[in-house]
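Asks: This structure is in structure tokens; I'll ask about it shortly.
Bear in mind these aren't lab numbers, they're just calculated from the coordinates by the rules spelled out. Just so it is clear, the model here is predicted, and its values are computed rather than measured. Heads up, the Cβs are rebuilt from the backbone with ideal geometry, glycines too, and the neighbour counts pull from every protein chain shown.
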Amino acid sequence: MSDVATVSVCRARVALVGEDDATARFARSLSERGAARTALRGVRRLTGTALETIDGEIASVLDDLLDVDIGDALVMGWQKHSALRAAAERTVTTAIVEEVVVLATHRITWTARPAIDLLIEGRRVNSFEFELSVVVDVIGLTAVVRRGYLVGLRGGECVIAATLKLEGGTLAQRRHHLGLERHLRLRAAVELARPPEPTPRDGDVELPADGQRGWLGPQPA
């Protein structure tokens, strides 16, 4: 996902822990699971303080990785939404140039699997493989489609359920409601459909591109 989402809703880490200190929350969860201790077992013996420091560093990197807006996940879902695609097709193939679409309640899911390598003296001793799952139930949203593009979003609310796991164990989990009228912002139009390619008519002539040889008219003897 991009750093600047086309649709802004909320950051992934906020979906997980709200306005709390995400790094501290992740570090505490990692320490409770003994993440660093398990990864270094048989490799190097460290004090409890040193292990907590490693857990804290992993949490800090994880916090950065989750500093992305989940809006792009919504865009990918809406680009596949049948009602939006049908409206977009009509706005590029008929005289209708704009449609307002009232969307039924729908669900969009997104899963990401960030990984963090733990190195000691330049050698990788472990790779922490996380799984982020985000489920968004969108309710009462109205979309404006113009000339094949999603250009506006009005009203609505959503329920966001976010879960972060490490090797099957849950590190953070949160479910909350969000009013889309206040929090959802569309920063750029989203392409849903393209105009069809024009069909050549009898008598149409396609000239050769610049720099290429071509002959217009009867072929020379």
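Asks: When you go through Leu118, Leu62, Leu84 one by one, which is the residue that is closer than 30 Å to Arg41 by Cβ, aliphatic (A, V, I, L, M) and outside any strand (DSSP E or B)?
Replies: Sole residue among the options that is closer than 30 Å to Arg41 by Cβ, aliphatic (A, V, I, L, M) and outside any strand (DSSP E or B): Leu62.
Asks: What is the number of the single condition among (1) of a type in the set (S, T, N, Q); (2) surrounded by 13 or more Cβ atoms within 10 Å (Cβ to Cβ); (3) not in a helix (DSSP H, G or I) that Thr111 does not meet?
Replies: (2)
Asks: So Ala73 clears everything in (1) part of a helix (DSSP H, G or I); (2) more than 26 Å from His176 (Cα to Cα); (3) in contact (Cβ under 8 Å) with a residue 12 or more places away in the chain; (4) not aromatic (Phe, Trp, Tyr) except one condition, right? Which one?
Replies: (2)
Asks: Test Ala115 against the criterion of being of a type outside the set (Asp, Glu) and in contact with a Ser or Thr (Cβ under 7 Å, 6 or more places away or on another chain), and give yes or no.
Replies: Yes, satisfied.
Asks: Here are the criteria: (1) touching a Lys or Arg at 6+ places or on another chain (Cβ under 9 Å); (2) among the polar types (S, T, N, Q); (3) over 21 Å from Arg175 (Cα atoms). Tell me which single one Thr47 does not satisfy.
Replies: Only one criterion in (1) touching a Lys or Arg at 6+ places or on another chain (Cβ under 9 Å); (2) among the polar types (S, T, N, Q); (3) over 21 Å from Arg175 (Cα atoms) is unmet by Thr47, namely (1).
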